[in-house]
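Accompanying notes for the structure given below.
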Amino acid sequence: MPPLLAWFPDLPQLIDRAAQLDPWHGYGAIALAMLLENLIPPIPSEVILPLAGYGVARGDLVSGGSAGAAAAVGGMAGTPWRLGCAR
């Protein structure tokens, strides 16, 4: 596995640890993971978003709407880069 993707198997644990520290860290981790989804295509949102839902259900994250907003912000932040590469 390339060094850039060596941390990918640990992504669920990273988001979980961030959410347990502070909900705002959890939202930031979700946004960052969604940003990386656009920059490094092998990271599927199908892995990230269920983890966010699990964090909300467990009470580590305060609101599902906030988790969704963090995912949307992260996904939209990476979109211009991906569109720029497509040109």
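The values are calculated or read from the model by the stated rules, or taken from the named source; none is laboratory data. Given the structure is predicted, the values throughout are model-derived calculations rather than measurements. Cβ: placed from backbone, ideal geometry, glycine included. Neighbour counts: every protein chain shown. What goes into the accessible areas is simple: the full protein's heavy atoms, side chains included, and nothing from ligands, DNA or RNA. Shrake-Rupley method; radii C 1.70, N 1.55, O 1.52, S 1.80 Å.
Some points to look at:
- Within segment 15-38, residues that are of a type in the set (D, E, K, R) have Cβ atoms under 8 Å from residues that are buried (at least 18 other Cβ atoms within 10 Å of the Cβ) and at pLDDT below 85 in these pairs: Asp16/Leu51; Asp16/Gly55; Asp16/Asp60; Glu37/Ile43; Glu37/Ile48; Glu37/Gly78, counting only partners at least 6 apart in sequence or on another chain.
- Hits in segment 61-87 - residues which are outside any helix (DSSP H, G or I) and closer than 19 Å to Leu21 by Cβ: Leu61, Val62, Ser63
- Among the residues listed as Gly75, Gly84, the single one being open to solvent by less than 80 Å² (accessible area, probe 1.4 Å) and touching a helix residue (DSSP H, G or I) at 6+ places or on another chain (Cβ under 8 Å): Gly75
- Applying the condition of being open to solvent by less than 30 Å² (accessible area, probe 1.4 Å) and more than 17 Å from Asp22 (Cα to Cα) to segment 35-60 and asking which residue is nearest to the chain's Cα centre (by Cα) yields Ile48.
- Pairs linking a residue in segment 57-71 that is touching a residue at least 60 places away in the same chain (Cβ under 8 Å) to a residue that is surrounded by 19 or more Cβ atoms within 10 Å (Cβ to Cβ), with Cβ atoms under 9 Å and 6 or more positions apart or on different chains, do not occur.
- Subset tally (residues that are out of contact with any Pro (no Cβ under 7 Å at 6 or more places or on another chain), farther than 9 Å from Met34 by Cα and surrounded by 14 or more Cβ atoms within 10 Å (Cβ to Cβ)) for segment 61-72: 4
- Some residue of segment 10-27 being modelled with pLDDT under 85, assigned to a helix (DSSP H, G or I) and among the hydroxyl-bearing types (Ser, Thr, Tyr): no
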